[in-house]
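Everything on this sheet refers to the single structure shown next.
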Amino acid sequence: MFEQQKFIKSAFAIQDLPLDDIPGIALCGRSNVGKSSFINSLFNKKYLAKTSSTPGKTRSINFYLIDNIFYLIDLPGFGYAKTSKTERDYWANLIEEFFKKDKHVSLAFHFIDSRHKPTELDIKLNSMLNFFDIPFVVILSKVDKLKQSEISIAKKTASDYFPELSFGDNLLLYSAVKNIGHKEILKRLAGLFY
Ligand SMILES: Nc1nc2c(ncn2[C@@H]2O[C@H](COP(=O)(O)OP(=O)(O)O)[C@@H](O)[C@H]2O)c(=O)[nH]1
Ligand SMILES: [Mg+2]
């Protein structure tokens with residue numbers, strides 16, 4: 001299970017999206033929350049997904065085919081403050097179009113950096129997922145950077161912002177550098193596709 005991971009393509013516009021019926025898991029959230037690192041760490045690969053220390057750099061929707069069964073779809077982290085408004089609008093719009101048109105998204109992982117409160121973009125993203133009726137799990141990322149007491153606060157803050165969240169169900173913790181959350185996520189994926 002999850003032995004094969006293959007980068008398929010980068011889409012820069014809605015017409016570049018693959019035209020097939022393969023179901024997908026969408027990874028979304030702000031730039032720099034750890035989406036690409038998530039892909040690499042989940043499969044124990046160093047360079048499957050490009051990670052970047054320059055926030056806001058990944059500007060495409062990247063498709064990774066897992067076991068020839070489903071896609072992990074790395075969505076661009078929209079809203080990075082240092083990009084122009086035109087560019088931010090372009091990507092926010094593209095993501096919205098993606099959720100509207102792609103009928104094969106089985107689940108979205110909404111990443112929020114556990115060190116920070118949800119931002120306006122997280123609120124927008126959450127409404128978008130609710131609006132399009134896409135099941136989602138909020139993943140508090142980079143929890144290796146927090147103490148246990150801070151993790152509890154991060155969990156509570158996320159639930160305050162998004163009351164539909166329930167820890168262990170649609171709210172999970174993750175660390176790409178320590179082995180936190182990997183098993184649980186793989187279990188979810190196995191439950192969906194196997
Ligand atoms: N400490 C720690 N750093 C992380 C973790 N995940 C990602 N990072 C770092 O955060 C930065 C952004 O990660 P990246 O995966 O490129 O984020 P993306 O923009 O959401 O794809 C990189 O410098 C990563 O090394 C994590 O779980 N723990
Ligand atoms: Mg990335």
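The values are calculated or read from the model by the stated rules, or taken from the named source; none is laboratory data. The structure presented is a predicted model; accordingly, all values stated were derived computationally and were not measured. For neighbour counting, all protein chains shown are included, and Cβ atoms are generated from backbone atoms with ideal geometry for every residue, glycine included.
Just a yes or no: is a residue in segment 87-99 of a type in the set (D, E, K, R), within 21 Å of Ile61 (Cα to Cα), in contact (Cβ under 8 Å) with a residue 60 or more places away in the chain and in contact with a strand residue (DSSP E or B) (Cβ under 8 Å, 6 or more places away or on another chain)?
No, every residue in segment 87-99 fails to be of a type in the set (D, E, K, R), within 21 Å of Ile61 (Cα to Cα), in contact (Cβ under 8 Å) with a residue 60 or more places away in the chain and in contact with a strand residue (DSSP E or B) (Cβ under 8 Å, 6 or more places away or on another chain).
Within segment 121-167, take every residue that is of a type in the set (D, E, K, R) and not in a loop (DSSP other than H, G, I, E, B) and give me the one that is modelled with the lowest pLDDT.
Filtering segment 121-167 for residues that are of a type in the set (D, E, K, R) and not in a loop (DSSP other than H, G, I, E, B), the one modelled with the lowest pLDDT comes out as Lys124.
For segment 158-183, which residues satisfy the criterion of being over 17 Å from Arg30 (Cα atoms), out of contact with any helix residue (DSSP H, G or I) (no Cβ under 8 Å at 6 or more places or on another chain) and surrounded by 15 or more Cβ atoms within 10 Å (Cβ to Cβ)?
Across segment 158-183, the qualifying residues are Ser159, Asn170.
Can you list residue pairs whose Cβ atoms sit under 7 Å apart, with the first residue in segment 1-27 being of a type in the set (S, T, N, Q) and the second being not in a strand (DSSP E or B)? Count only pairs 6 or more apart in sequence or on different chains.
These pairs meet every condition: Gln4/Asp67; Gln4/Asn68; Gln5/Phe43; Gln5/Lys45; Gln5/Leu48; Ser10/Ser60.
With the requirement that a residue be within 8 Å of ligand 1 (Cβ to nearest atom) and either surrounded by fewer than 18 Cβ atoms within 10 Å (Cβ to Cβ) or in a helix (DSSP H, G or I) (or both), what does segment 40-50 give you?
Matches in segment 40-50: Asn40, Ser41, Lys50.
Yes or no, residue by residue, for (1) away from ligand 1 (no atom under 16 Å from the Cβ); (2) in contact with a Gly (Cβ under 9 Å, 6 or more places away or on another chain); (3) closer than 20 Å to Phe38 by Cα:
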{"position": "Ile134", "(1), (2), (3)": "yes, no, no"}
{"position": "Ser141", "(1), (2), (3)": "no, yes, yes"}
{"position": "Lys147", "(1), (2), (3)": "no, no, no"}
{"position": "Ser152", "(1), (2), (3)": "yes, no, no"}
{"position": "Thr157", "(1), (2), (3)": "yes, no, no"}
{"position": "Phe167", "(1), (2), (3)": "yes, no, yes"}
{"position": "Tyr194", "(1), (2), (3)": "yes, no, no"}
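Please specify each residue of segment 4-39 satisfying the condition of being among the hydrophobic types (A, V, I, L, M, F, W, C) and either in a strand (DSSP E or B) or in contact with a Cys (Cβ under 8 Å, 6 or more places away or on another chain) (or both).
Phe7, Ile8, Ala11, Ile25, Ala26, Leu27, Cys28
Within segment 54-63, can one find any residue that is closer than 18 Å to Gly34 by Cβ, at pLDDT 75 or above and in a loop (DSSP other than H, G, I, E, B)?
yes
Restricting attention to segment 110-120, and to residues there that are surrounded by fewer than 19 Cβ atoms within 10 Å (Cβ to Cβ) and of a type outside the set (S, T, N, Q), which single residue is farthest from Leu173 (Cα to Cα)?
That would be Glu120.
Go through segment 127-157 and report how many residues are under 11 Å from Leu173 (Cα atoms), under 19 Å from the mean Cα position of the chain (by Cα) and free of Cβ contacts under 8 Å to residues at least 40 places away in the same chain.
Going through segment 127-157 one residue at a time, the tally reaches 5.
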